[in-house]
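Working notes, structure below.
Every read-out reported here was derived from the displayed coordinates using simple, explicitly stated rules and does not represent laboratory data. Here the structure is a predicted model, which is why all the values come from computation and not from measurement. We place every Cβ from the backbone using ideal geometry, glycine too, and count neighbours over all the protein chains shown.
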Amino acid sequence: MSNSIIRVHWLNQSRAFRVLWLLDALKLDFEIIPYKRVDGRAPDSLKKIHPLGRSPIVEIEDKSTGKKKMLIESGYIFQYMLQNFDHDNVLNNTDPDMAEKIQFYLHFAEGSIQPPLLMEYIYQLAEKSSSFPISYFVQSVVNKLSEAYSRGEVKNQFDFLESEIVKNKGYLVDGKLSAADILVSFPVEMAFLRGFVTSEIYPNTKKWLDTIKTTDSYAITKEKVKAFGEEM
Ligand SMILES: N[C@@H](CCC(=O)N[C@@H](CS)C(=O)NCC(=O)O)C(=O)O
């Protein structure tokens, strides 16, 4: 696959950061094509790359034929990169059971932990965007909705992560950094930042997040996005 050019269509303030981090951790050469949010959303130009207009999008160009492939969905992008570019198992695992566990987390990130966190975020926005006396009603509706599903589900997901991190010696899989940690870091980081979970209740999850962010690859990626004006 060294016959490929890799381009990442990266949107500022987005989960695309973790794809850059994955590629830096694999020490791959790649180009970043930056996009800036407009009123919080992706610009229309991203729709020209893929009709869904979401980031990340990874473009793989075959140097000899010029044929291009567009990869979307973070979990799928990670799976593709592990299969095609991680020949030394830097972020994968040689033990098939451990490799399966990594695959599980590639689905877990967007399929399980992200949905209740997104619901909580929408409720938070609704609360913040209304003023008294409407805010009083909004708060009580939002509280009921959150109580009925997402608040408990966030707790369920984070209780699971906390116990897995303890069981797996400070990481998600096999006591060392893998693609699973990089992918799951995004929803977890957002949850801490937005106050949906705290380090008092999830000390091992917070420690895990802080630890994986001390890697050289994280620092390299952070410098790259800084050059595009990203504040982190
Ligand atoms: N499930 C997709 C979600 C992609 C996604 O929603 N990306 C956000 C950035 S965090 C986006 O492009 N948002 C722009 C918009 O909604 O207009 C993935 O994991 O890649």
Task: Relative contact order for region 52-138, counting Cα pairs under 8 Å that sit 6 or more residues apart, in percent - done: 17
TODO: For region 1-79, calculate the relative contact order in percent as a whole number, restricting contacts to Cα pairs under 8 Å that are 6 or more residues apart.
DONE: 36
Open item on the list: Cross-link candidates for residue 68: which aspartates and glutamates have Cα within less than 18 Å, leaving aside residues fewer than 8 places away along the same chain?
Closed with: 29, 31, 59
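Restricting to bridges with both residues inside the chain, how much of the DSSP beta-bridge set is antiparallel, in percent to the nearest 5? Walk me through the numbers on the way to the answer.
Working: 13 of 18 bridges.
Antiparallel: roughly 70 percent of the beta bridges in the chain.
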- [ ] Could you please state, rounded to a whole Å, how far the C-alpha centre of region 1-59 is from the C-alpha centre of region 75-91?
- [x] 16
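Quick check of the Kirkwood formula: for region 31-143, what is the inverse mean of 1/r over all pairs of different Cα atoms, in Å?
Here the Kirkwood hydrodynamic radius works out to 17.7 Å.
Taking all pairs of distinct Cα atoms, average 1/r, flip it, and tell me the Kirkwood hydrodynamic radius of the chain in Å to one decimal place.
Working: mean 1/r = 0.0526 Å⁻¹.
Taking the inverse mean of 1/r over all distinct Cα pairs, the chain comes out at 19.0 Å.
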Task: Leading residue at positive end of dipole, region 96-215 (Cβ point charges), from 172, 131, 114 - done: 131
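Given Cα pairs under 8 Å that are at least 6 residues apart, what percent is the relative contact order of the chain?
Relative CO of the chain lands at 20 percent.
Using a simple charge model, +1 on the beta-carbon of Lys and Arg, -1 on the beta-carbon of Asp and Glu, nothing else, what dipole does region 15-119 show about its Cα centre, in debye to the nearest 20?
Values: 14 positive and 15 negative charges, 121 e Å.
Once rounded to the nearest 20, the dipole reads 580 debye.
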Open item on the list: Need one number: nm distance between label points at residue 213 and residue 176, each 7 Å from Cα along Cα→Cβ, rounded to one decimal.
Closed with: 2.5
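For region 1-42, report the translational diffusion coefficient in µm²/s to the nearest whole number, using Stokes-Einstein at 10 °C, 1.306 mPa s, and a Kirkwood Rh over Cα pairs. Spell out each step's value before the answer.
On the way: Rh = 11.2 Å.
Translational diffusion coefficient: 142 µm²/s.
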- [ ] In Å³ and rounded to a whole number, note down the convex hull volume per residue for the Cα atoms of region 96-215.
- [x] 99
- [ ] Net charge near residue 109: determine it from the other residues with C-beta under 14 Å of the C-beta of residue 109, scoring Lys and Arg +1 and Asp and Glu -1.
- [x] -2
- [ ] Mind scanning 36/63; 155/207; 128/155; 69/101; 27/47 and naming the pairs with a C-alpha gap bigger than 25 Å?
- [x] 36/63; 69/101; 27/47
- [ ] Before rounding to the nearest 500, sum -39500 (n - 2.57) across all DSSP H runs of length at least 4 in the chain and divide by the residue total; then give [θ] at 222 nm in deg cm²/dmol.
- [x] -16000 deg cm²/dmol
TODO: With +1 on each Lys and Arg Cβ and -1 on each Asp and Glu Cβ, and nothing else charged, work out how big the dipole of region 96-215 is about its Cα centre, in Debye to the nearest 20.
DONE: 240
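Within a Cβ distance under 10 Å of residue 224, other residues only, what is the Lys/Arg minus Asp/Glu net charge? Intermediate values should be presented prior to the final figure.
Numbers: positive: 222, 226; negative: 24, 223, 230.
For residues surrounding residue 224, the net value is -1.
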- [ ] Using a Förster distance of 35 angstrom, determine the FRET efficiency expected from the C-beta separation of residue 84 and residue 127, and round it to 0.05.
- [x] 0.20
